Amino acid sequence: MNTTNHISQDDLLLFALQFMSAPEAAKAHEHVLTCDDCHRQLAWIQGDLATYAMTAEVHMPPVAARERLMRSIAQDKLQSSKTQDEAPGKRTNGSSKLMTMPAAETAATAEVVSGAEDAQRENVRSFDSAPVRRKIGVIGWAGWAVAATAIVAGGLQYQRSENLRDQLAANQAELTQVSKQAAQASLVMETLTDTNTKQVSLALPSTTAPTAVPEAHASYLGRKGSLVFVANHLNQLTADKTYELWLIPTGKGAAPIPAGTFRPDADGRAHLVMASLPKGVDVAAFGVTVEPDGGSSAPTMPIVLVGG
């Protein structure tokens, strides 16, 4: 293993980027094959370049910038070469010149030489202490490919899970709506067929001149507090008015209980299904009035339909 004359990091970078001339590249290649330190540093640089190549767009450097970089590196190499030539062990005639120098110049020269030697030793130590970074081989790239495939598969699985969750929520909402409709249909059937249901037909009061013949039918199951109301031939109302159904309890002075508002369709038909009326109320009669849109807490006279 060669442990001297290491290739500088700038030259290693140029070698990795293939910016060296053919003779210099061949010399560097021969040195890297026999020097573990330079081989280790070159592998480090190549690993970084591979990472940059995967994460950044490739752009060719400008010609002027490349020339400036090459000139700067050449100057650094020239200065480094001069410093090594001035070292005590690298010259033959330097001793006689040093003997003829004044004492101050001799001391300054010795200090420069000592500094160069320290810098060279520090450079060698930096190579020796540099951490080993292995170049990623075929198996390494295969591992990264497997990891990327796993990430993509996980993303697809997550998206599929989210879609299934949304579909399940939609199905649950639809099932809830169907269950409500089924419960309401069951309540309507029970209200209409139970033997305890109070069946009442409503018609115009006897004091009203019959220009039309509105009629209605109410089925009220007191123990359930449920009511089914159907009306026909109702007169149309303005947009600010609505019909309201009232339960009139037994007993003198009992306040009517509002049982819901409704509007007829174009043919005068209307229906009302209530499942939350007061339970156990003994109803004496039913009445329908015309109220402001939204309903009232007390009936407004006159009563347009009544029955009991």
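The values are calculated or read from the model by the stated rules, or taken from the named source; none is laboratory data. This structure is a prediction, so every number in the text was calculated from the model and none was measured. Please note: Cβ atoms are built from the backbone with ideal geometry, for glycine as well, and neighbour counts cover all protein chains shown.
In segment 216-246, what residues are closer than 18 Å to Val188 by Cβ and among the aliphatic types (A, V, I, L, M)? Answer for segment 216-246, where residues must be closer than 18 Å to Val188 by Cβ and among the aliphatic types (A, V, I, L, M): Ala216, Ala218, Leu221, Leu227, Val228, Val230, Ala231, Leu245. Looking at Pro214, is it closer than 27 Å to Lys180 by Cα and out of contact with any Pro (no Cβ under 6 Å at 6 or more places or on another chain)? No, not satisfied.
Being of a type in the set (S, T, N, Q), under 30 Å from Met301 (Cβ atoms) and at pLDDT below 75 is true for just one of Thr197, Thr208. Which residue is that? Full working, then the answer.
Details: Thr197 fails: at pLDDT below 75.
Going through Thr197, Thr208 in turn, just one is of a type in the set (S, T, N, Q), under 30 Å from Met301 (Cβ atoms) and at pLDDT below 75: Thr208.
Could we say that Val281 is outside any loop (DSSP other than H, G, I, E, B), β-branched (Val, Ile, Thr) and touching a residue at least 24 places away in the same chain (Cβ under 8 Å) here?
Details: outside any loop (DSSP other than H, G, I, E, B): no; β-branched (Val, Ile, Thr): yes; touching a residue at least 24 places away in the same chain (Cβ under 8 Å): yes.
So Val281 does not fit the description; no.
Looking at Gln167, Gln177, Gln236, just one residue is part of a loop (DSSP other than H, G, I, E, B) and at pLDDT 85 or above, and that residue is Gln236. Figure legend. Inter-residue proximity from segment 255-271: first residues closer than 19 Å to Asp240 by Cβ, second residues outside any loop (DSSP other than H, G, I, E, B) and among the charged types (D, E, K, R), beta-carbon distance below 6 Å, spacing 6+ or different chains. Indicated pairs: Thr261/Glu244.
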